[in-house]
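Engineer: I'd like to ask some things about the structure below.
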Amino acid sequence: MNAAVLSAVAPPELVVASCAHCASPLPAGKRGGSSPAFCCEGCRAVFELVHASGLSGYYRYLEPNGANVAPTVVSGRRYQELDDPSFRSQHVRSVPGEQEAAELLLEGVHCSACVWLVERVGRVVPGVTSSRLDLSRSVVELTWDPKQTSLSAIARGLSSLGYGAHAVGESLAKLVRVRDRELLLRLGIAGAAAGNVMLMALALYSGAFSGMESTYQALFRWASLGIATPAVFWCGAVFLRGGWAAVRTRAPHMDLPISIGILTGYVGGAVSTFSGRGEIYFDSLCTLIFLLLVGRYLQQSHHRRSTGQSELLLALAPQTARLVEGEVEREVPANAVAPGAVVRVGASERIPVDGVVLRGSASVDTSLLTGEPMPAEVGVSDRVYAGTTCQGGDLWLRTESAGTETRLGRLMASVADTQQRRAPIVRLADRVAGHFVLGILAVAAVTLGVWLHLNPGVAVDHTVALLVVTCPCALGMATPLAVSVALRRAAQGGVLFKGGEFVEELARPGVIVFDKTGTLTLGQPELLAWVGDVEWQAPLRALEAHSGHPLARSIQRAFPENALRVEQLRDLPHGGITGSIDGRQLLVGSPALVQSELGHLPPWAEKLVQTHAGAGLTPVVLAASGVVRAVLAFGDRVRPEAKGQLAQLTKLGYVLEIASGDHQRVVDSVARELGIPVAAARGQMSPEAKLERVSKLRARGERVVMIGDGVNDAAAMAAATVGFAVHGGAETCLKAADVFATRPGLAPVYDAVLGSRRTLAAIRRGIVMSLAYNVVGVALAVMGVLSPLLAAILMPLSSISVVSLALRARTFEGGKS
């Protein structure tokens, strides 16, 4: 409110100076000073920037009654340190096209709408050619033309949108704590303001029916205005900045109609207060701001709990390698090993580099990269990869690549890059918001025009009543409340979502791509068949008790422990083992190994081996005293509940596929058992092939859900519309996933889909109720039936209805509110 306007309508003791930038009343300590005066350093910085840019004509468009509030930056920082040569040498890099690129850590990002705004900073700062925000890390990657702009100018532009910028490497935890404290302070002040203004509103409403002296009526009006002003312009600044940023970037979302409603209600109430007639709406505004801040705080808290900040590569590959130099071995950083260097890997150790075996043989657990439960047998000249585990022997490797250049390092880089480039999900309420704003403003303009023609004296009152009654309080709360309740109930039921947008996406049918091992199956080899004399089971159990091979552990689980003594124990190449028990020499291994030791296999054993191999199982032969005694078959057992759960998903309209690193015949067998068409079951797929398959599906316009549990699934999860990690998944898999289960089995997948559908239905019911309420309110306001007083009473009623609907909605059955 300008000082000139204030002096014309207010008593002398209430006349105050106003800020030259935002027109807000000045604090007492800054009144009466030289002109121009500012309420804060942020306004001073923006004022100077606007005038220095030759844009001072902007202030002519500010309404004299304060209807438009000029935005201020988050802080008074000029970000000049970002242009310092020492900073540029460490953080800024040159890219093709005579451009520069850098990354900045942003505070204040919390949802996909933030991604939408940040990636349009080029509309605010000319010269920015690319802006991509990684929401999980709060890091934006910027590319700009140094001839047109600088990094400090871009940072100021981001700050004006509401996102404070920092150099990557500054403590994110510290920034989060500061942001949380500020949001809690805003929330507390908004709550106190709402409580006090509601008490005064109750007195005013009561006085409207029983009578009230004009002195007390004026006192309550002015007091309400005084309390509501900081609640609107400081506590509600979170939404006002978002609404202004939506206008500047031409990317409307829910903050825009909320801001319009808040400002209209505030200006209408302020005009009524100054004129001494008409209704005020400060109780409804303060309550709305308080409830919206509660929802924002809950969303931020849930997002942090569900999103880890772990470093992927550190969790998977060993940080040191055993470098062999002649007869000397020494520990060195794994990423410092040069190509051609020799590295030794001991039994049960993770391989630190990509390389070729120079000496030794061992079983290598490659499940990290391939997903296959059975270890691979490697020997001289075979290639091995970082992150896999050496079992049952030492290996000497000639290094081919180390650190980020390994296959694992490239895979992790692919995960991060895919997550960063994935298009943000636009929520249903944000899609409605743009149409809602245009529709309401159009109707308001028509209402004003019609009533100016019919009765100019009530035209403004009817228009204000329309804008107040259509303030999208209910629309703004329908999605966050329904989603917040659903996320809490889902977490109680063992399903964690990293954001509400994934609830909406999971609710819509599409293609679900399943990893096989550990997802559709139990993820570990089990003894599925035994053909032979059972008297050899106890000696076999005693022999395998001395081995750490995955198949040996399966035998240990299958048969009870015993006290038989093993002598002359010896590991054989390619996973075999031999030993003497009670004078009888036992030999266990693959059919090829046993045949090479004995010279031949009996026909019955050869036939069984072929049958098991054809069924996708792993055959193992047991011989004693030179005679084959039994043939065993191992396989990864399908989860008992899998077939029923997949049938339920098919009924809901989803198309099911399998993408596995296991052998094609194994994948076909699992697909037939689960009722999935063999044509939709793909085997022998590398992590890169899975990523390519998901990318092709998305390129066709499909909504893709990738479900897995391993590192080999992480890149595909990051590329999918929704990545879902089942219980027991690797840390990288959890990092890449948007949803993950904390209880085993496939039941959480079906529960998540069904709960998401119920949540989306609850969101739609809330939006429909809100829009229906607005349609009725608009009709009454246009006809002149709805007074500003009735509009102020009806506005919170719609919010209460939507809140009740969200709290009562049956979404996820696992939790209770």
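The values are calculated or read from the model by the stated rules, or taken from the named source; none is laboratory data. In this text, all values refer to a predicted model and were calculated from it rather than measured experimentally. Heads up, the Cβs are rebuilt from the backbone with ideal geometry, glycines too, and the neighbour counts pull from every protein chain shown. Note: accessible area is taken over every heavy atom of the protein model, side chains too, but ligands, DNA and RNA are not part of it. Shrake-Rupley method; radii C 1.70, N 1.55, O 1.52, S 1.80 Å.
Engineer: Given the criteria under 20 Å from Val594 (Cα atoms), over 40 Å from the mean Cα position of the chain (by Cα) and touching a residue at least 40 places away in the same chain (Cβ under 8 Å), does Leu622 qualify? It would help to see each step written out before you state the result.
Structural biologist: Working: under 20 Å from Val594 (Cα atoms): yes; over 40 Å from the mean Cα position of the chain (by Cα): yes; touching a residue at least 40 places away in the same chain (Cβ under 8 Å): yes.
It is true that Leu622 is under 20 Å from Val594 (Cα atoms), over 40 Å from the mean Cα position of the chain (by Cα) and touching a residue at least 40 places away in the same chain (Cβ under 8 Å).
Engineer: (1) part of a helix (DSSP H, G or I); (2) touching a residue at least 12 places away in the same chain (Cβ under 8 Å); (3) not basic (Lys, Arg): which one isn't true of Gly661, the others all being true?
Structural biologist: Gly661 satisfies every listed condition except (1).
Engineer: Next question. Restricting to region 372-388, what's the tally of residues that are modelled with pLDDT of 85 or more and either open to solvent by 20 Å² or more (accessible area, probe 1.4 Å) or part of a strand (DSSP E or B) (or both)?
Structural biologist: Residues meeting the conditions: 7.
Engineer: Against the condition in contact with a helix residue (DSSP H, G or I) (Cβ under 7 Å, 6 or more places away or on another chain) and open to solvent by 40 Å² or more (accessible area, probe 1.4 Å), how does Gln648 come out, does it pass?
Structural biologist: On the way: in contact with a helix residue (DSSP H, G or I) (Cβ under 7 Å, 6 or more places away or on another chain): yes; open to solvent by 40 Å² or more (accessible area, probe 1.4 Å): yes.
So Gln648 fits the description; yes.
Engineer: Next question. Do you know which residues across region 604-628 are touching a Gly at 6+ places or on another chain (Cβ under 6 Å) and surrounded by fewer than 19 Cβ atoms within 10 Å (Cβ to Cβ)? Break it down into steps so the answer makes sense when it comes.
Structural biologist: Quick first cut of region 604-628, residues touching a Gly at 6+ places or on another chain (Cβ under 6 Å) only: 617.
Passing the criteria: none in range.
Engineer: Shifting gears a bit: Modelled with pLDDT of 85 or more and surrounded by fewer than 19 Cβ atoms within 10 Å (Cβ to Cβ): does that describe Gly211?
Structural biologist: On the way: modelled with pLDDT of 85 or more: no; surrounded by fewer than 19 Cβ atoms within 10 Å (Cβ to Cβ): yes.
Judged against the criteria, Gly211 is not a match.
Engineer: Tally the residues that are farther than 10 Å from Ala624 by Cα, open to solvent by less than 70 Å² (accessible area, probe 1.4 Å) and not in a helix (DSSP H, G or I), restricting the search to region 556-580.
Structural biologist: Residues meeting the conditions: 7.
Engineer: Within 30 Å of Leu691 (Cβ to Cβ) and touching a helix residue (DSSP H, G or I) at 6+ places or on another chain (Cβ under 7 Å): does that describe Ala545? Reasoning before the result, please.
Structural biologist: Working: within 30 Å of Leu691 (Cβ to Cβ): no; touching a helix residue (DSSP H, G or I) at 6+ places or on another chain (Cβ under 7 Å): yes.
When the stated conditions are applied, Ala545 does not pass them.
Engineer: Quick check on Val620: is it over 29 Å from Phe514 (Cβ atoms), modelled with pLDDT of 85 or more and either in a strand (DSSP E or B) or in contact with a strand residue (DSSP E or B) (Cβ under 8 Å, 6 or more places away or on another chain) (or both)?
Structural biologist: For Val620, the condition - over 29 Å from Phe514 (Cβ atoms), modelled with pLDDT of 85 or more and either in a strand (DSSP E or B) or in contact with a strand residue (DSSP E or B) (Cβ under 8 Å, 6 or more places away or on another chain) (or both) - is not met.
Engineer: Look through Ala689, Ala714, Ala736, Ala772 and report the one residue that is out of contact with any Cys (no Cβ under 8 Å at 6 or more places or on another chain), open to solvent by less than 10 Å² (accessible area, probe 1.4 Å) and over 20 Å from Pro509 (Cβ atoms). Give the derivation first.
Structural biologist: On the way: Ala689 fails: open to solvent by less than 10 Å² (accessible area, probe 1.4 Å); Ala714 fails: out of contact with any Cys (no Cβ under 8 Å at 6 or more places or on another chain); Ala772 fails: open to solvent by less than 10 Å² (accessible area, probe 1.4 Å).
Within the list Ala689, Ala714, Ala736, Ala772, the selection yields Ala736.
Engineer: Right, here's the next one. Within the set of pairs 6+ apart or on separate chains, which have a first residue in region 142-161 that is open to solvent by 10 Å² or more (accessible area, probe 1.4 Å), a second that is in a loop (DSSP other than H, G, I, E, B) and small (Gly, Ala, Ser), and C-beta atoms under 7 Å apart?
Structural biologist: Asp145/Gly127; Gln148/Gly127; Thr149/Gly127
Engineer: Any residue that is in a strand (DSSP E or B), out of contact with any Phe, Trp or Tyr (no Cβ under 8 Å at 6 or more places or on another chain), crowded, with 16+ Cβ neighbours inside 10 Å and at pLDDT 90 or above - is there at least one of those in region 587-603? Give the steps one after another, and end with the answer.
Structural biologist: Going through region 587-603, the residues in a strand (DSSP E or B) turn out to be 587-589.
Retained after the next criterion (residues that are out of contact with any Phe, Trp or Tyr (no Cβ under 8 Å at 6 or more places or on another chain)): 587-589.
Restricting the remaining residues to those that are crowded, with 16+ Cβ neighbours inside 10 Å gives 587-589.
From what is left, the residues that are at pLDDT 90 or above are 587-588.
Among the residues of region 587-603, at least one is in a strand (DSSP E or B), out of contact with any Phe, Trp or Tyr (no Cβ under 8 Å at 6 or more places or on another chain), crowded, with 16+ Cβ neighbours inside 10 Å and at pLDDT 90 or above, which makes the answer yes.
Engineer: For the condition in a helix (DSSP H, G or I) and farther than 23 Å from Leu291 by Cα, what is the one hit in Trp222, Trp234? Don't jump to the end; show me each part of the working.
Structural biologist: Numbers: Trp234 fails: farther than 23 Å from Leu291 by Cα.
Matching residue, one of Trp222, Trp234: Trp222.
Engineer: Checking Ala321 against (1) at pLDDT below 80; (2) crowded, with 18+ Cβ neighbours inside 10 Å; (3) under 30 Å from Gly710 (Cβ atoms): exactly one of these is not met. Which one?
Structural biologist: Condition not satisfied by Ala321: (1).
Engineer: Count, please, the residues in region 738-756 that happen to be under 19 Å from the mean Cα position of the chain (by Cα) and among the charged types (D, E, K, R). Outline the logic, then answer.
Structural biologist: First, pick out the residues of region 738-756 that are under 19 Å from the mean Cα position of the chain (by Cα): 738-742, 748-749, 752-753, 755-756.
Those left that are additionally among the charged types (D, E, K, R): 738.
The total comes to 1.
Engineer: Please verify whether Gly701 is closer than 23 Å to Leu408 by Cβ and under 25 Å from the mean Cα position of the chain (by Cα), treating the condition exactly as stated. Can you show your working first?
Structural biologist: On the way: closer than 23 Å to Leu408 by Cβ: no; under 25 Å from the mean Cα position of the chain (by Cα): yes.
Here the answer is no, as Gly701 does not meet what is asked.
Engineer: Now a separate question. For region 253-279, give me the residue count where each residue is at pLDDT 80 or above and in a loop (DSSP other than H, G, I, E, B).
Structural biologist: 1
Engineer: Turning to a different aspect of this structure: Does any residue of region 122-132 turn out to be in contact with a helix residue (DSSP H, G or I) (Cβ under 9 Å, 6 or more places away or on another chain), modelled with pLDDT under 90 and part of a loop (DSSP other than H, G, I, E, B)?
Structural biologist: Checking region 122-132: at least one residue is in contact with a helix residue (DSSP H, G or I) (Cβ under 9 Å, 6 or more places away or on another chain), modelled with pLDDT under 90 and part of a loop (DSSP other than H, G, I, E, B).
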